[in-house]
1. For Ile92, Ile160, give the ranking by accessible area with the largest first, probe 1.4 Å.
2. Taking amide H positions as placed 1.01 Å from N in the peptide plane, with prolines and chain starts having none, which residues 5 or more places from Ala56, or on another chain, fall under 5 Å of its amide H?
3. Can you give the accessible area of Thr60, probe radius 1.4 Å, in Å² rounded to 10?
4. Under 5 Å between amide hydrogens, which residues at least 5 positions from Gln41 or on another chain qualify, with H placed 1.01 Å from N in the peptide plane?
5. Applying the Karplus parametrisation 6.51 cos²θ - 1.76 cosθ + 1.60 with θ = phi - 60° to the phi angles of segment 109-115, what ³J(HN,Hα) value in whole Hz is obtained for each residue in order, glycine and proline being reported as x?
6. In square angstrom, what is the accessible area per residue of segment 13-100 with a 1.4 angstrom probe?
7. Accessible surface of Ser127 in the full protein assembly, 1.4 angstrom probe, to the nearest 10 Å²?
Amino acid sequence: MNPTNETTSVPDTQPTPKITRGRAVLVVLIAGAMALLASTQVWLVATDIEALPDTAVESTGQQAAGAVTAMALVAMAGGVALSIAGRIARVIIGVLLAASATLLAASTLGVVMNPVNAAQPRVAELSGLTDPAGQVTMTWAPWLALLASLLMLLAAVIVIISGRHWQTTRKYDYDTAAPAEEDSESDTDTVLRPEAVTTPSRQDRPDAARRAQSRVEEIDAWDELSQGKDPT
């Protein structure tokens, strides 16, 4: 019996991440953009101020909670870096995103739980006095910032857990592999193809013989001249 070659396929045991790198980067960028948008909107509107009776003092997210803008920029920078980061860098980015989300949520909750104190610096800036802010109305923007912090925290968990299984692919691996394969194929063709080996044809053989005979006759003529004989 002739032995038969059987190929046994080995299953790939490496887990496939449910969330790809591109989706995680998109989530981080969306969270950062939401927080940045919220920081530019009006958060608080203070009215019934004794020093400014006919004025409604508005406070944006940057004025009421200055950390919101900074955490939004950190998240967006982390999303850009995540697109090219390696395994260790992904873990570091995930931890930074989690810390940014925590600071963003704490800063926003401080405004939500005590809007009067949050509006006081802006009222004092416009009135020049330390009078109470009066009646303060909160808009929808702080809730957008809270939602951004939750989304940012979710993105941080995704990066830390799923980021371990993301593959880092380099373009030059494919660029250097292709020429090597072409060179090996050309060398194989040169060895295996019989027409690639140069052999003298039948038409070239008489010419070679005539050239060899002419060279022998020239040598004999020189020998005869050296002996004092006339070769003609």
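The values are calculated or read from the model by the stated rules, or taken from the named source; none is laboratory data. Please read these numbers as outputs of a predicted model, since none were measured by experiment. All accessible areas refer to the heavy atoms of the entire protein, side chains included, with ligands and DNA or RNA removed. Shrake-Rupley method; radii C 1.70, N 1.55, O 1.52, S 1.80 Å.
1. Ile92, Ile160
2. It is none; the list stays empty.
3. Surface open to solvent at Thr60 totals about 30 Å².
4. Distant-sequence amide H within range of Gln41: Gly61.
5. 5, x, 6, 5, 7, 9, x
6. About 50 Å² of surface per residue is accessible.
7. For Ser127, the solvent-accessible surface is approximately 30 Å².
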